[in-house]
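Structure, as structure tokens:
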Amino acid sequence: MIIEGSPLATVLDPTHRDLAIALLRSYFAPGAFEGAHFERLAGGGDRPEVQDEFTSDDLVAITMLGVTLKPAAALEILEVRRDSLRAALAAIPNGVHLTSLGAEEIGPDWPVRRLLDALVAIPGIGTTKATKLMARKRPHLVPILDSVVNETLSITKERYWGPLHAWLTADDGANASYLEALREDAGIGSDISVLRVFDILAWRTGRGDAGRTAS
């Protein structure tokens, strides 16, 4: 998934640990990136009282990541398809980490995939917007997919979860543990998921921020 010798491989190499930490810290620096508010806006989308329902707060939260929904799509989520989406969310346990699942559990019948299908069936919602909504509700389970990350990893959106899961769980979870250590050293908070740590590093690397930070 991560090409040897690529910019992201360099960022994730332990010999460049300080660079990865700097990228994380500067992302969450006050006033630096609106995306730093994505998880925590209005108390978070995975808090118990709203964990199984998309709310207007979630629609605002994804704007922190640079996407917006057209009014018709917003109405579909909040009203027209509210009950069916609530049922789809309720089928996905909250608090479960992607790394805790076996590879066989994230196959075609994985409830997360069914929720993705339900969201992209709404006109105006593609994979990027759908996964940002899903990551807001299940931050430890659903990684964000967007064009920058896809290009950085040289993958297709439909084939991301399996390779990412394999990378995180390889060598008894060594890569996931390393991301946890980066998160701790950066001081960004344990509520920021390992998936989001990876997303931020991949996204910032894809934007060219790693080179600018290193220089």
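The values are calculated or read from the model by the stated rules, or taken from the named source; none is laboratory data. Because the structure is predicted, anything quoted here is derived from the model rather than measured. We place every Cβ from the backbone using ideal geometry, glycine too, and count neighbours over all the protein chains shown.
Before moving on, here are some points about what is shown:
- PRO143 meets each of the listed conditions (1) exposed (fewer than 14 other Cβ atoms within 10 Å of the Cβ); (2) in contact with an Asp or Glu (Cβ under 7 Å, 6 or more places away or on another chain) apart from (1).
- First in segment 78-103 and touching a residue at least 24 places away in the same chain (Cβ under 8 Å), second anywhere and of a type in the set (S, T, N, Q), Cβ under 6 Å, 6 or more apart: ASN94/GLN51; THR99/THR169
- Candidates in segment 162-179 are the residues that are closer than 26 Å to PHE28 by Cβ and of a type in the set (Gly, Ala, Ser); of these, the one that is surrounded by the fewest Cβ atoms within 10 Å (Cβ to Cβ) is ALA174.
- The test for being over 12 Å from LEU8 (Cβ atoms) and part of a helix (DSSP H, G or I) does not hold for ALA210.
- Selection of segment 180-208 for residues being surrounded by fewer than 16 Cβ atoms within 10 Å (Cβ to Cβ) and within 17 Å of ALA29 (Cα to Cα) yields GLU184, ASP185, GLY187, GLY189, SER190, ASP191.
- Exclusive hit being touching a helix residue (DSSP H, G or I) at 6+ places or on another chain (Cβ under 6 Å), assigned to a helix (DSSP H, G or I), over 17 Å from ARG196 (Cβ atoms) and not hydroxyl-bearing (Ser, Thr, Tyr), set ASP18, ASP57: ASP57
- GLY189 meets the conditions (1) under 16 Å from the mean Cα position of the chain (by Cα); (2) closer than 23 Å to LEU116 by Cα in every case but one. The failed one is (2).
- Of all residues in segment 33-50, those being surrounded by 14 or more Cβ atoms within 10 Å (Cβ to Cβ) and under 23 Å from ILE200 (Cβ atoms) number 12.
- Check on ILE92, of a type outside the set (Phe, Trp, Tyr), in a helix (DSSP H, G or I) and modelled with pLDDT of 95 or more: no
- Residue that is nearest to ARG207 (Cα to Cα), among those in segment 1-15 that are not in a helix (DSSP H, G or I) and not hydrophobic (A, V, I, L, M, F, W, C): SER6
- Residue satisfying all of: in segment 95-127; aliphatic (A, V, I, L, M) and closer than 12 Å to ALA166 by Cα; surrounded by the most Cβ atoms within 10 Å (Cβ to Cβ) among these: LEU98
- LEU65 being under 30 Å from ASP185 (Cβ atoms), under 19 Å from the mean Cα position of the chain (by Cα) and either surrounded by fewer than 17 Cβ atoms within 10 Å (Cβ to Cβ) or in contact (Cβ under 8 Å) with a residue 40 or more places away in the chain (or both): yes
- Cβ-Cβ contacts under 8 Å between residues 6 or more apart (or on different chains), taken from a first residue in segment 43-55 that is in contact (Cβ under 8 Å) with a residue 60 or more places away in the chain to a second residue that is in a loop (DSSP other than H, G, I, E, B) and surrounded by fewer than 16 Cβ atoms within 10 Å (Cβ to Cβ), are listed as GLY44/ASP191; ASP46/GLY95.
- Helices (runs of 4 or more DSSP H) enclosed by segment 123-196 - at least 3 residues per element that are at pLDDT 95 or above and not polar (S, T, N, Q): 127-137, 161-186
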